[in-house]
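Here's the structure we're looking at; comments come further down.
Please treat every number below as a calculation from the coordinates, not as lab data. Here the structure is a predicted model, which means the values were calculated and not measured. Heads up, the Cβs are rebuilt from the backbone with ideal geometry, glycines too, and the neighbour counts pull from every protein chain shown.
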Amino acid sequence: MLAHLECTRCGEHYPADRPQSVCPKDAGVLYARYDLKAIKRTFSSARLLGRTPTMWRYDAVLPDANPVSLGEGFTPMLSSREYPNVYIKDEGLNPTGSFKARGLSAAVTMARHFGLKKLAIPSAGNAASALAAYAATAGLEAHIFMPKDVPAANRVECDYYGARVTLVDGLISDCAKKVADMKMEGFWDKDGWFDVSTTKEPYRVEGKKTMGYEVAEQLGWRMPQGIIYPTGGGVGLLGMWKAFEEMEALGWIGSERPKMVAVQSAGCAPVVKAWDEGKQSCEMWANAATLAAGLRVPKPYGDYLILDILKKSKGTAVSATDQEILEAVRHWSKMEGIFAAPEGAACLVAYRKLIANRFFKPEDTVVLFNTGNGLKYLDVLDASVERTLLSAKPPTAAKPAARQIGGIIGPY
Ligand SMILES: [Zn+2]
């Protein structure tokens, strides 16, 4: 039912039966377009009941190819213990511990379908792990370009999955430049290379859009009043908004939409800055620095789409400092039993701010996206634990007396 690809800038159509990157005319992001009228005649939301609990349950609105799957998607929608109308969509339960599994499952599925061999990705961390895992599953080569200071888990995972890893002294934007330079080389097309960068191929958005389908299905086909989403590259925002449009065309939901909220780190907030200034695209953020590695994206490629969605949905953009994020990771752990990625915990910071300034009312149903598992950030989070423990120690604490521990197998 995949009809064609459509440029999000100029509207030009391109065939979907071959690998495509961005619009050759204006470098716009390409979206996969389906024959939704035909799908509406043959498939209804009621037919989802009893289907496989992965994102591939929505295969009626995904490309028709044999999925490369590790069981991604259909993650829990947990009711918050703290706020009665808040849900936490826990993407940390995906394969490789983050929401990146969805996009890369779809992208690698299509890459294998088209006979591509070597997949290159610039990544802030978790996308690299996901590509490495799905490429291993598909029997394809993964070539990873990531900052040398990514969380240790990302480096270790990629190595174990057998990916070729290049550590770059810089940010994801520097990694992206390395991949762009390689594309100019003669071997690129000849050897079956392909660039699976965020929004530079059409199918990662397709994988991520299943989060939108899940939000609707898991809330009984009601739309929440708000969705708060940690925004680095913003693929999930693009994908969910696309999913809502498709679901309306399919008659699964009406015209109502949640307010879409982008959360960024105060140390790298190009979308927040552009939103506050009423701009339609972002400027490159200088000296980006934050412990939330996934938010260290100085300029998202799909910035014009992100800002358009914030506007159309009457949403907003909010930033959170690293200190606020760390406190929120700890708070969610204690309060909800959810050990979140820093990016995900940033949603809690944003929600508190948006309740305080009455952007959301306490009775509004709001979905917060925890995009990853805190276990992937142990090195980052452990540094803060050490600081906390050290600062808690009384300065004059005497050493415990060794003789008082029982003396049965004493060290003396
Ligand atoms: Zn175009």
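Would region 46-53 turn up any residue that is more than 9 Å from the ligand (Cβ to nearest atom), surrounded by 20 or more Cβ atoms within 10 Å (Cβ to Cβ) and either among the charged types (D, E, K, R) or within 22 Å of Ala180 (Cα to Cα) (or both)?
Taking region 46-53 first, the residues more than 9 Å from the ligand (Cβ to nearest atom) are 46-53.
Pick out the ones that are also surrounded by 20 or more Cβ atoms within 10 Å (Cβ to Cβ) and you get none.
Scanning region 46-53, I find no residue that is more than 9 Å from the ligand (Cβ to nearest atom), surrounded by 20 or more Cβ atoms within 10 Å (Cβ to Cβ) and either among the charged types (D, E, K, R) or within 22 Å of Ala180 (Cα to Cα) (or both), so the answer is no.
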Response to the item:
Residue count, region 284-323, condition more than 22 Å from Ala341 (Cα to Cα), acidic (Asp, Glu) and in contact (Cβ under 8 Å) with a residue 40 or more places away in the chain, comes to 1
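When you check Asp64 against the structure, is it closer than 27 Å to Thr371 by Cα, more than 23 Å from the chain's Cα centre (by Cα), more than 16 Å from the ligand (Cβ to nearest atom) and of a type in the set (Asp, Glu), yes or no? Step through it out loud before you land on a result.
Numbers: closer than 27 Å to Thr371 by Cα: yes; more than 23 Å from the chain's Cα centre (by Cα): yes; more than 16 Å from the ligand (Cβ to nearest atom): yes; of a type in the set (Asp, Glu): yes.
Criteria met by Asp64.
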Item to complete: State yes or no: is Ile309 of a type in the set (Val, Ile, Thr), closer than 13 Å to Val261 by Cα and within 19 Å of the chain's Cα centre (by Cα)?
Response: yes
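Picking from Ala328, Ala356, which residue would you name as being more than 29 Å from Arg9 (Cβ to Cβ), crowded, with 20+ Cβ neighbours inside 10 Å, out of contact with any strand residue (DSSP E or B) (no Cβ under 6 Å at 6 or more places or on another chain) and without any contact (Cβ under 8 Å) to a residue 40 or more places away in the chain?
Working: Ala356 fails: crowded, with 20+ Cβ neighbours inside 10 Å.
Going through Ala328, Ala356 in turn, just one is more than 29 Å from Arg9 (Cβ to Cβ), crowded, with 20+ Cβ neighbours inside 10 Å, out of contact with any strand residue (DSSP E or B) (no Cβ under 6 Å at 6 or more places or on another chain) and without any contact (Cβ under 8 Å) to a residue 40 or more places away in the chain: Ala328.
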Item to complete: Enumerate the pairs (first residue in region 148-161 and touching a residue at least 40 places away in the same chain (Cβ under 8 Å) and farther than 12 Å from Ala136 by Cα; second residue anywhere and among the polar types (S, T, N, Q) and part of a helix (DSSP H, G or I)) with beta-carbon separation below 9 Å, excluding pairs fewer than 6 apart on the same chain, so at least 6 apart or on different chains.
Response: Val150/Asn126; Pro151/Asn126; Ala153/Asn126; Ala153/Ser129; Asn154/Asn126; Asn154/Ser129
Worksheet item: In this structure, is Gly11 surrounded by fewer than 12 Cβ atoms within 10 Å (Cβ to Cβ) and within 14 Å of the ligand (Cβ to nearest atom)?
Response: yes
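Return the residue satisfying two criteria in turn: it lies in region 182-216 and is of a type in the set (Gly, Ala, Ser) and more than 20 Å from Asp64 (Cα to Cα), and of such residues it is farthest from the chain's Cα centre (by Cα). Talk me through it step by step, then tell me what you get.
Residues of region 182-216 of a type in the set (Gly, Ala, Ser): 186, 192, 197, 207, 212, 216.
Those still in the list that are more than 20 Å from Asp64 (Cα to Cα) too: 186, 192, 197, 216.
Values: Gly186: 32, Gly192: 27, Ser197: 13, Ala216: 18 Å.
Looking at residues that are of a type in the set (Gly, Ala, Ser) and more than 20 Å from Asp64 (Cα to Cα), I get Gly186.
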Item to complete: Enumerate the pairs (first residue in region 1-15 and of a type in the set (S, T, N, Q); second residue anywhere and near the ligand (Cβ under 10 Å from one of its atoms)) with beta-carbon separation below 9 Å, excluding pairs fewer than 6 apart on the same chain, so at least 6 apart or on different chains.
Response: Thr8/Cys23; Thr8/Gly28; Thr8/Val29; Thr8/Leu30
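Scan region 87-110 residue by residue and report those that are among the hydroxyl-bearing types (Ser, Thr, Tyr) and at negative phi. So that I can check it myself, show each step before the final result.
The first filter runs over region 87-110 and keeps only residues among the hydroxyl-bearing types (Ser, Thr, Tyr), leaving 87, 96, 98, 105, 109.
Residues satisfying the conditions are Tyr87, Ser98, Ser105, Thr109.
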Response to the item:
Screening Ala124, Ala128, Ala133 for residues that are surrounded by 24 or more Cβ atoms within 10 Å (Cβ to Cβ), aliphatic (A, V, I, L, M) and touching a Gly at 6+ places or on another chain (Cβ under 8 Å) leaves only Ala124
Worksheet entry | Tally of residues being closer than 16 Å to Leu295 by Cβ, part of a helix (DSSP H, G or I) and not acidic (Asp, Glu) across region 325-352 | 12
Worksheet item: Under the condition of being in contact with a Leu (Cβ under 8 Å, 6 or more places away or on another chain) and part of a loop (DSSP other than H, G, I, E, B), which residue from region 268-296 is surrounded by the fewest Cβ atoms within 10 Å (Cβ to Cβ)?
Response: Gln280
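Taking the condition of being among the small types (Gly, Ala, Ser) and near the ligand (Cβ under 7 Å from one of its atoms), how many residues in region 14-32 meet it? Give the steps one after another, and end with the answer.
So the first thing to find is which residues in region 14-32 are among the small types (Gly, Ala, Ser), and the list is 16, 21, 27-28, 32.
From the residues that got through so far, the ones that are near the ligand (Cβ under 7 Å from one of its atoms) too are 28.
Qualifying residue count for the region: 1.
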Discussion item. Taking the condition of being in contact with a strand residue (DSSP E or B) (Cβ under 7 Å, 6 or more places away or on another chain) and under 18 Å from Thr231 (Cβ atoms), how many residues in region 100-123 meet it?
Written reply: 2
